Amino acid sequence: MIAGSKLERVLNSGHFAVTGELGPPKGADLEKLKEHAYAMRNHVEAYNITDNQTAIVRTSSIACGAVLVQMGLEPTIQITVRDRNRIAIQSDVLGAVALGIKNILCLSGDHQKFGNEPQSKGVYDIDSMQLIKMLKDLRDEGVFCGGEKLEGEVKYYLGAVENPFADPFEYRVDRLEKKINAGASFIQTQCIFDIERFKKWMELVRERGLHKKVKIMGGVTPIKSLGAARYMKNFVSGITIPDEIIERLKGAENKKEEGLKIAIETIQQLKEIEGVAGVHIMAIAWEEVVPEIVERAGLYPRPQV
């Protein structure tokens, strides 16, 4: 289905796609977000707009996405099931489409107990699999979750996330297959530091032929400091950072430059893995380095499709 999405066109054309990520502010001033988006405009196909990431209250992902549309840029809004029931989700998606948003990424969302409103109630009316299926049916069948017909039609490119590093490892591909069957057309992964484990996951993906059914984009996060690497290794669930990376950063005179080199090397390795269709660069609070990473990784200029 052609949804008018540039990201969809690039992925379907066989080019190695690049997306970036923007975290909305804890306030209504979007100037910094707009600056970062403008700086990346020639280096990424689309921008993920996170949905109250880490369960911290931030400006609406849909509002930020609408601002990017006004700038002539392409957002991918994230939609979580943590904060909305099925009525609110479908309503928000219709509103997003009406505002010109063409890409939607479905996920569960970080648990509210980790955020700045730990006493809030998580909604979780549906899970992330049901979310994908619901939005696929809304788009392809023209029906709401309850069975009522939609007035007119909606078009969007539908994606989901996957974590090849969470345990139990042997079930991660099963979960990916379920998301594909539910209706995901593209997948963005958790940030990759353990490239060998990611390669093993991709072997399992190819054994089932799943790489031919969905576009997989590997997640890459540049590390700013040794402290940041140690924190992610020890305290961030679902991220695996090998000891070799810790040692590289420990021995580096310029930690930031070494972090950039690691990210660039990871991207170059991802480009060589069969079934990897692109890269999603998550440089939250370090967005200004994304153009440099893209250029040094040999992914610039971007294809015009």
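Of the residues examined, Gly251 is not one that is under 16 Å from Phe198 (Cβ atoms) and small (Gly, Ala, Ser).
Looking at Asp51, is it closer than 16 Å to Ser128 by Cβ, modelled with pLDDT under 95 and either touching a helix residue (DSSP H, G or I) at 6+ places or on another chain (Cβ under 8 Å) or part of a loop (DSSP other than H, G, I, E, B) (or both)? So Asp51 fails the test. So which helices (runs of 4 or more DSSP H) stay within the range 221-305 end to end and still have 2 or more residues that are surrounded by fewer than 17 Cβ atoms within 10 Å (Cβ to Cβ) and in contact (Cβ under 8 Å) with a residue 60 or more places away in the chain? Correct list: 255-271. For the condition more than 24 Å from Gln90 (Cβ to Cβ) and out of contact with any helix residue (DSSP H, G or I) (no Cβ under 6 Å at 6 or more places or on another chain), Asn181 does not qualify.
A quick yes/no check of all residues on (1) free of Cβ contacts under 8 Å to residues at least 12 places away in the same chain; (2) in a strand (DSSP E or B); (3) of a type outside the set (Val, Ile, Thr):
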| site | (1), (2), (3) |
| --- | --- |
| Gly152 | yes, no, yes |
| Ala166 | no, no, yes |
| Tyr171 | yes, no, yes |
| Lys178 | no, no, yes |
| Gln190 | no, yes, yes |
| Glu203 | yes, no, yes |
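Restricting to the range 83-107, name every residue that is in a loop (DSSP other than H, G, I, E, B) and either surrounded by 22 or more Cβ atoms within 10 Å (Cβ to Cβ) or touching a residue at least 60 places away in the same chain (Cβ under 8 Å) (or both).
Across the range 83-107, the qualifying residues are Ile101, Lys102.
If you check Thr76, Thr80 for being in contact with a Phe, Trp or Tyr (Cβ under 7 Å, 6 or more places away or on another chain) and either surrounded by fewer than 22 Cβ atoms within 10 Å (Cβ to Cβ) or under 16 Å from Ile49 (Cα atoms) (or both), only one passes: Thr76. Looking for something on the phi < 0 side of the Ramachandran plot, in a loop (DSSP other than H, G, I, E, B) and exposed (fewer than 14 other Cβ atoms within 10 Å of the Cβ) - is there at least one such residue anywhere in the range 120-140? Yes. Scanning the range 271-302 for residues that are modelled with pLDDT under 95 and either hydroxyl-bearing (Ser, Thr, Tyr) or at negative phi (or both) turns up just one, Ile284. Select from the range 54-68 the residues that are over 21 Å from Lys6 (Cβ atoms), touching a helix residue (DSSP H, G or I) at 6+ places or on another chain (Cβ under 7 Å) and among the small types (Gly, Ala, Ser) and list them in ascending order. Residue satisfying the conditions is Ala55 alone.
The values are calculated or read from the model by the stated rules, or taken from the named source; none is laboratory data. Keep in mind that what you see is a predicted model, and the values were worked out from it rather than measured. With ideal geometry, Cβ positions are generated from the backbone for all residues, glycine too; neighbour counts draw on all protein chains shown.
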